Amino acid sequence: MEKIEYNGDTFYYAKGKLYDSSFIEVPSNISYPILTKRFENIDCSNYGEDEFLELLREVKNAGAYQKCVDLIFDVGFVRFQKSKSFLSVMFPMVTSCYRSMHKPEKAIEFWQENKDKYAMASISFLTSLAAAYCDMEDYEQAKHFADQAYSLQGGYQGYMTELSLVYERIRKETETLKK
């Protein structure tokens, strides 16, 4: 557990969670500025790809979405842009962060600007992109990308997956529009 001093208070950080001095998990509205400050002070210039991806996951899980996107663009793209494994994690992470910031148009714009350079067709990326199109109420494109994800996963993979939730959302929201 890492000890963090912030505004005269002591906190503990472990596995993406922040705890107060009584080891009770701190609510996200309080932990966000503390963890954002922690992440700003991390020097990741010597991180290898795996270590950097783990940092990105921590930052994203802490709800510091803009910081996560900034790290991806400022560090990740510069250092790991030729790594297929990095790109396969980074693409869905960027779209997910933008969606979490209520900026689905940025997720779509990101894909449109990079689709020729990085044709990373992963199930998680296509599902996230389909959800971004749902956010934009473009259900035709949402279904197109959901169908691509479905095809990649080889068909039926169970109920209540992210992809099944996107399909359910498309169904519900298009039915509502028809009424």
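The values are calculated or read from the model by the stated rules, or taken from the named source; none is laboratory data. The shown structure was predicted, so the numbers you read here are calculated from the model rather than taken from an experiment. Because the Cβ atoms are built from the backbone with ideal geometry, glycine has one as well, and the counts that use them run over all protein chains shown.
Figure legend. Inter-residue proximity from segment 92-111: first residues closer than 16 Å to residue 59 by Cβ, second residues β-branched (Val, Ile, Thr), beta-carbon distance below 8 Å, spacing 6+ or different chains. Indicated pairs: 92/127; 93/72; 94/69; 94/72; 97/69; 98/69.
Criterion applied to 82, 117, 15 was being at pLDDT below 85, loosely packed, with under 12 Cβ neighbours inside 10 Å and within 23 Å of residue 152 (Cβ to Cβ), and the one residue passing it is 117.
Can residue 100 be described as of a type in the set (S, T, N, Q) and either within 19 Å of residue 55 (Cα to Cα) or crowded, with 17+ Cβ neighbours inside 10 Å (or both)? Lay out the reasoning, then the answer.
On the way: of a type in the set (S, T, N, Q): yes; either within 19 Å of residue 55 (Cα to Cα) or crowded, with 17+ Cβ neighbours inside 10 Å (or both): yes.
It is true that residue 100 is of a type in the set (S, T, N, Q) and either within 19 Å of residue 55 (Cα to Cα) or crowded, with 17+ Cβ neighbours inside 10 Å (or both).
Within segment 53-74, the set of residues being under 14 Å from residue 38 (Cα atoms) and acidic (Asp, Glu) comprises 58 only.
Answer with yes or no whether residue 63 is modelled with pLDDT under 90 and either closer than 30 Å to residue 116 by Cα or among the hydroxyl-bearing types (Ser, Thr, Tyr) (or both). So residue 63 fits the description; yes.
Scanning segment 66-85 for residues that are without any contact (Cβ under 8 Å) to a residue 12 or more places away in the chain and farther than 18 Å from residue 116 by Cα yields 70, 74.
For residue 88, indicate whether it is buried (at least 21 other Cβ atoms within 10 Å of the Cβ), within 16 Å of the chain's Cα centre (by Cα) and either closer than 18 Å to residue 148 by Cβ or touching a residue at least 60 places away in the same chain (Cβ under 8 Å) (or both).
Values: buried (at least 21 other Cβ atoms within 10 Å of the Cβ): no; within 16 Å of the chain's Cα centre (by Cα): yes; either closer than 18 Å to residue 148 by Cβ or touching a residue at least 60 places away in the same chain (Cβ under 8 Å) (or both): yes.
Here the answer is no, as residue 88 does not meet what is asked.
Selection over segment 26-36 of residues that are surrounded by fewer than 12 Cβ atoms within 10 Å (Cβ to Cβ) and part of a loop (DSSP other than H, G, I, E, B) gives a count of 1. Selection within segment 149-163: residues that are in a helix (DSSP H, G or I) and closer than 17 Å to residue 96 by Cβ. The member of this set that is modelled with the lowest pLDDT is 162.
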